[in-house]
Amino acid sequence: QLGEEAPDWAALGGKLQQSLRYGENPHQKAAFYVTGEKRPGVATAKQLQGKELSYNNINDTDAAYELVGELGAETPAVAIIKHANPCGVAQGASIIEAYRAALACDSTSAFGGIVALNRALDEETAKEISKIFTEVVIAPGADAAAEAVFAKKKNLRLLITEGLPDPAAAGRFIKTVAGGFLLQDRDFGRITKADLKVVTRKAPTEQELEDMLFAWRVAKHVKSNTIVYAKDGATVGIGAGQMSRIDSARIAARKAEDAAEVAGWAEPKTRGCVAASDAFFPFPDGLLQAASAGASAVIQPGGSIRDDDVIAAADEAGLAMVFTGMRHFRH
């Protein structure tokens, strides 16, 4: 973790772990280096089977496992990742229930994705995952029956970590730029119910509060701008990486509509959901888009010069809204 004053010099070093076939694209050379940090994840995991990891596999697997680590170990949780963004994330009474709920969010995009679990992989869940093409599965452990199921999928990579990454642990994040690199603390900011400030006339219910915290933790791991719709401990629509927040809200709603069509549901699961925004709404339009999708409650940082306008719009729409006072940009 960085101190109050940045050091005059900073060095980046690592030991070669693997020469990769190529980088993000076939014309790019690439290699994987490890720093010696003991954080559970792709760099410290044991690969039990499958082809060697690619550059994109490593990047996506890291994103997936950091996300399930964010959700903790108390409740079974699964994240499905493509291009470092979640297709679906869910908690459940069992790991297979969590997987099914995560898959239901966007089963089309999940094809060829990365699956991260916060529980040991069991036979039933392994069989369920095997129904679609999956690149990598990463989990704290796997029983012998689950390993036997995956042994029939010779190209599927199974990684075992024997632990979860601590979302509150200090660490550094490095991003290279032309002529240098940026160094910052890992985003270990977290909130609890006690940190939330209700700013609307209507207060959220206990279930909405639980879903708000879940959606907020997921939104932290989605490329900005992001809107996450969630209900009953599962994402039901995710809008990622858009230049305007209202577009993210629209995309998340459309994803929910597509999921309902694929599953044969009467209506999208956004009806009565909560919406999480990784940064404040600069105008009421994004909030109203979430309301039109069916959201009944919203969690966002607050801090816009137009907060009063956004709060008034929420009150008029009958929404409950809370401010976190914390932003989670991710680039």
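Coordinate-derived values only; no laboratory data. All values reported here derive from a predicted model rather than from experimental measurement. FYI the Cβ positions are ideal-geometry reconstructions off the backbone, even for glycines, and counts take in every protein chain you see.
Across the chain, Cα pairs under 8 Å and at least six residues apart give a relative contact order of 14 percent.
The string of couplings for the range 293-305 from the Karplus curve (6.51, -1.76, 1.60, θ = phi - 60°) is 6, x, 5, 10, 8, 9, 10, 7, x, x, x, 7, 5 Hz, one whole number per residue in order, with x for Gly and Pro. Our coupling estimate for the range 322-331, obtained by passing each phi through the Karplus curve with A = 6.51, B = -1.76, C = 1.60 and θ = phi - 60°, is 10, 9, 9, x, 9, 9, 10, 4, 8, 10 Hz, Gly and Pro reported as x. When the alpha carbon coordinates of the range 193-323 are projected onto the principal axes, the ranges are 40, 32, 27 Å, largest first. Can you figure out the FRET efficiency of residue 309 with residue 195, using R₀ = 30 Å and their beta-carbon distance, to the nearest 0.05? Taking R0 as 30 Å, the efficiency between residue 309 and residue 195 is 0.80.
Cross-link check: pairs 46/154; 15/153; 152/269; 197/231; 175/220 evaluated at a Cα-Cα cut-off of 25 Å; pairs beyond the cut-off: 15/153; 152/269. In percent, rounded to a whole number, the relative contact order of the range 177-260 is 18, using alpha-carbon pairs under 8 Å and six or more apart. Calculated translational diffusion coefficient of the chain (20 °C, 1.002 mPa s; Stokes-Einstein with Kirkwood radius over alpha-carbon pairs) equals 105 µm²/s. Which one, 139, 270, 90, projects farthest toward the positive side of the charge dipole computed for the chain from Cβ point charges (K/R +1, D/E -1)? So the residue we want is 139. Between 194, 312, 102, the GNM of the chain built on Cα springs shorter than 10 angstrom shows 194 fluctuating the most.
Between amide H atoms placed 1.01 Å from N, distances below 5 Å from residue 18 occur with 32, all of them 5 or more places distant or on a separate chain.
Relative contact order, whole percent, for the range 15-160 stands at 22, derived from Cα pairs under 8 Å and 6 or more residues apart.
The charge dipole of the range 181-331, taken about its Cα centre with unit charges on the Cβ atoms of Lys, Arg (+1), Asp and Glu (-1) only, comes to about 380 debye. Converting phi to 3J(HN,Hα) with the Karplus coefficients 6.51, -1.76 and 1.60 and the offset θ = phi - 60°, the range 230-243 yields 9, 8, 6, x, 9, 6, 10, x, 10, x, 10, x, 9, 6 Hz in sequence order, with x at every glycine or proline.
Computed over the Cα atoms of the range 15-160, pair by distinct pair, the Kirkwood hydrodynamic radius stands at 15.1 angstrom. Residues 117, 196 in ascending order of nearby Cβ atoms (within 10 Å, fewest first): 196, 117.
As an exercise, use a Förster radius of 41 Å and the Cβ-Cβ distance of residue 292 and residue 16 to find the FRET efficiency, rounded to the nearest 0.05.
Computed FRET efficiency for residue 292 and residue 16: 0.20.
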